[in-house]
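Chemist: I'd like to ask some things about the structure below.
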């Protein structure tokens, strides 16, 4: 059953509770080749709970929210997402410039730290080349690189 709007995303529920999100077109895929991404069961449960609570039956998933919790208006803009991230980061004492892009950087670092290869990281982040994920995860890659393994068995 499709969860998200038909234009840019389609999400299909799997029988095991997971989901497959098809991104039909994105900033990193202007040609519209598409990408299929995995959503774990906990993520699918949270998405379903949000859609129910916000009263969303079709269209954009991420929208402005009334204080009572129901969704209103069109999809969130990149600017509004950045403001939300900043508002959440502040009470957590996360300092410096934090944006939606921070999640891409952090994901690359976390994937490599957990053992993903550069190619797996590139595919997960939908980068066209390994250049950017290698740059973002350079510290993590150094810690398990050839010299670390040679000298310290890392």
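Residue by residue, here is whether (1) touching a residue at least 12 places away in the same chain (Cβ under 8 Å); (2) outside any loop (DSSP other than H, G, I, E, B); (3) closer than 23 Å to residue 21 by Cα; (4) in the same structural domain as residue 47 (by TED's automatic domain parsing) holds:
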position	(1), (2), (3), (4)
58	yes, no, yes, yes
61	yes, no, yes, yes
67	no, no, no, yes
83	no, yes, no, no
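Chemist: Could I ask something else about it? For the stretch 28-51, does any single residue satisfy the condition of being in a strand (DSSP E or B), out of contact with any helix residue (DSSP H, G or I) (no Cβ under 6 Å at 6 or more places or on another chain), exposed (fewer than 13 other Cβ atoms within 10 Å of the Cβ) and assigned by TED's automatic domain parsing to the domain that holds residue 12?
Modeler: yes
Chemist: Filter the stretch 88-100 down to residues that are part of a helix (DSSP H, G or I) and in contact with a helix residue (DSSP H, G or I) (Cβ under 9 Å, 6 or more places away or on another chain) and give me whichever is farthest from residue 22 (Cα to Cα).
Modeler: 89
Chemist: Looking only at residues that are surrounded by 15 or more Cβ atoms within 10 Å (Cβ to Cβ) and in contact with a helix residue (DSSP H, G or I) (Cβ under 6 Å, 6 or more places away or on another chain) in the stretch 16-27, which one is modelled with the lowest pLDDT?
Modeler: 19
Chemist: Taking residue 116, is it surrounded by 11 or more Cβ atoms within 10 Å (Cβ to Cβ), outside any loop (DSSP other than H, G, I, E, B) and modelled with pLDDT of 90 or more? Write out each step before concluding.
Modeler: Numbers: surrounded by 11 or more Cβ atoms within 10 Å (Cβ to Cβ): yes; outside any loop (DSSP other than H, G, I, E, B): no; modelled with pLDDT of 90 or more: yes.
When the stated conditions are applied, residue 116 does not pass them.
Chemist: Please specify each residue of the stretch 119-143 satisfying the condition of being exposed (fewer than 14 other Cβ atoms within 10 Å of the Cβ) and either outside any helix (DSSP H, G or I) or in contact (Cβ under 8 Å) with a residue 60 or more places away in the chain (or both).
Modeler: 128, 129
Chemist: For the stretch 69-80, name all the residues that are in a helix (DSSP H, G or I) and over 24 Å from residue 132 (Cα atoms).
Modeler: 80
Chemist: From the list 67, 27, 128, exactly one residue is over 26 Å from residue 145 (Cα atoms) and within 17 Å of the chain's Cα centre (by Cα). Which is it?
Modeler: None of the other options fit; the residue is 27.
The values are calculated or read from the model by the stated rules, or taken from the named source; none is laboratory data. Model, not experiment: these values are computed from the prediction. Neighbour counts run over all protein chains shown; Cβ positions are idealised from the backbone, glycine included.
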